[in-house]
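**Student:** Sending over a structure as structure tokens; questions will come in a sec.
The values are calculated or read from the model by the stated rules, or taken from the named source; none is laboratory data. Note that this is a predicted model, so its numbers are computed, not measured. In this analysis, Cβ positions are derived from the backbone assuming ideal geometry, glycine residues included, and neighbour counts consider all displayed protein chains. Just the protein is used for accessible areas: all its heavy atoms, side chains included, with ligands, DNA and RNA removed. Shrake-Rupley method; radii C 1.70, N 1.55, O 1.52, S 1.80 Å.
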Amino acid sequence: MYPPQPPQGPDQGGHDPYQQDPYGNPGQQGPTAYPGPYQQPNKMPGTAITVRVLMFIGGAFGLLFGGLLLLVWLGLLADPEMTQEVLREVQDSGLYIDAAELTVLFGAMGGVMFGYGIISTALASFMGKRSAVVLWLIVVFQVLASLTLMLGIAFGGTLSVIPLLFAIAMIVLMLLPPTRAFYTPEPTTPYTGY
């Protein structure tokens, strides 16, 4: 007498290896199949792409204008006559500061803008890495940039309004569910078939 044989095909109660499970995973059943809602998106969402493009653009502007301000700062340090000419123009525009304050102002503005450009470009280049660290680094960086721009507005820098709006928009875009789902994987729960 022969031992009973296990079921062999779909018509005998077995599993058809070519049949898809209800969640679209071909040939997977039991503990290795994962339900669709728990799958992490594979493609970078449009929200993250928008932030990445804006950060590259902002980084380029920061590097360009920060670099120019640092060159002017170096010129002010090297040439006292140039300092006096720039000081006269600044005072004619209504800002009354002395030569030392002017030099510090150009150096600080150039350093902040150039630093923003470097960090923004670096973070934008890391946005392809799917990590919660990247997500929160970008959010924290944009929050700090927003606070700096608000401080500039408080001291009369009306030109800071437009970059501030862009920074706030990037914070919102990074915190939207599609972006967060891309950078922070949901816990995968094995599909048990129930």
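**Student:** Looking only at region 164-185, how many residues end up being at pLDDT below 90 and either in contact with a Leu (Cβ under 6 Å, 6 or more places away or on another chain) or in a helix (DSSP H, G or I) (or both)? Before the answer, list the steps.
**Tutor:** In the first step, residues of region 164-185 are kept if they are at pLDDT below 90; the result is 184-185.
So of that shortlist, the ones also either in contact with a Leu (Cβ under 6 Å, 6 or more places away or on another chain) or in a helix (DSSP H, G or I) (or both) come out as none.
Counting residues in region 164-185 that are at pLDDT below 90 and either in contact with a Leu (Cβ under 6 Å, 6 or more places away or on another chain) or in a helix (DSSP H, G or I) (or both) gives 0.
**Student:** Which one is farthest from residue 104 (Cα to Cα), of the residues in region 55-91 that are touching a residue at least 40 places away in the same chain (Cβ under 8 Å) and open to solvent by 40 Å² or more (accessible area, probe 1.4 Å)?
**Tutor:** Narrowing region 55-91 to residues touching a residue at least 40 places away in the same chain (Cβ under 8 Å): 55-56, 58-70.
Pick out the ones that are also open to solvent by 40 Å² or more (accessible area, probe 1.4 Å) and you get 56, 60-61, 63-65, 68, 70.
Working: 56: 28, 60: 23, 61: 21, 63: 19, 64: 19, 65: 16, 68: 15, 70: 11 Å.
Looking at residues that are touching a residue at least 40 places away in the same chain (Cβ under 8 Å) and open to solvent by 40 Å² or more (accessible area, probe 1.4 Å), I get 56.
**Student:** Residue by residue through region 150-163, note down the ones that are in a helix (DSSP H, G or I) and either open to solvent by 40 Å² or more (accessible area, probe 1.4 Å) or in contact (Cβ under 8 Å) with a residue 60 or more places away in the chain (or both). If you could, list the steps in order and put the result at the bottom.
**Tutor:** The initial filter retains those residues of region 150-163 that are in a helix (DSSP H, G or I), namely 150-154, 158-163.
If the condition is that a residue be in a helix (DSSP H, G or I) and either open to solvent by 40 Å² or more (accessible area, probe 1.4 Å) or in contact (Cβ under 8 Å) with a residue 60 or more places away in the chain (or both), then 150, 151, 153, 154, 158, 159, 161, 162, 163 are the ones that fit.
**Student:** Give the residue, chosen from 53, 86, that is hydrophobic (A, V, I, L, M, F, W, C) and farther than 30 Å from residue 181 by Cα.
**Tutor:** Details: 53 fails: farther than 30 Å from residue 181 by Cα.
Only one candidate passes the filter, namely 86.
**Student:** Please work out which residue is nearest to residue 170 (Cα to Cα), limiting yourself to region 40-54 and to residues that are open to solvent by 30 Å² or more (accessible area, probe 1.4 Å) and of a type in the set (S, T, N, Q). It would help to see each step written out before you state the result.
**Tutor:** Step one: of region 40-54, the residues open to solvent by 30 Å² or more (accessible area, probe 1.4 Å) are 40-44, 46, 49-50, 52-54.
Next cut, of a type in the set (S, T, N, Q) only: 40, 42, 50.
Details: 40: 22, 42: 21, 50: 8 Å.
The extreme case among them is 50.
**Student:** Separate question: Could we say that residue 122 is assigned to a helix (DSSP H, G or I), in contact with a helix residue (DSSP H, G or I) (Cβ under 6 Å, 6 or more places away or on another chain) and of a type in the set (A, V, I, L, M) here? Talk me through it step by step, then tell me what you get.
**Tutor:** Values: assigned to a helix (DSSP H, G or I): yes; in contact with a helix residue (DSSP H, G or I) (Cβ under 6 Å, 6 or more places away or on another chain): no; of a type in the set (A, V, I, L, M): yes.
No; evaluated as a whole, the condition is false for this residue.
**Student:** Out of region 116-148, which residues are surrounded by fewer than 13 Cβ atoms within 10 Å (Cβ to Cβ) and closer than 19 Å to residue 60 by Cβ?
**Tutor:** 128
**Student:** Filter region 100-111 down to the residues that are free of Cβ contacts under 8 Å to residues at least 40 places away in the same chain and open to solvent by less than 30 Å² (accessible area, probe 1.4 Å), then identify the one that is nearest to residue 122 (Cα to Cα). Outline the logic, then answer.
**Tutor:** Kept after step one, since they are free of Cβ contacts under 8 Å to residues at least 40 places away in the same chain, are these residues of region 100-111: 100-108.
Filter once more, keeping what is open to solvent by less than 30 Å² (accessible area, probe 1.4 Å): 102-103, 107.
On the way: 102: 30, 103: 28, 107: 22 Å.
My answer is 107.
Rundown of residues vs (1) at pLDDT below 90; (2) more than 29 Å from the chain's Cα centre (by Cα), yes/no style:
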site	(1), (2)
48	no, no
69	no, no
86	yes, yes
110	no, no
119	no, no
134	no, no
147	no, no
157	yes, no
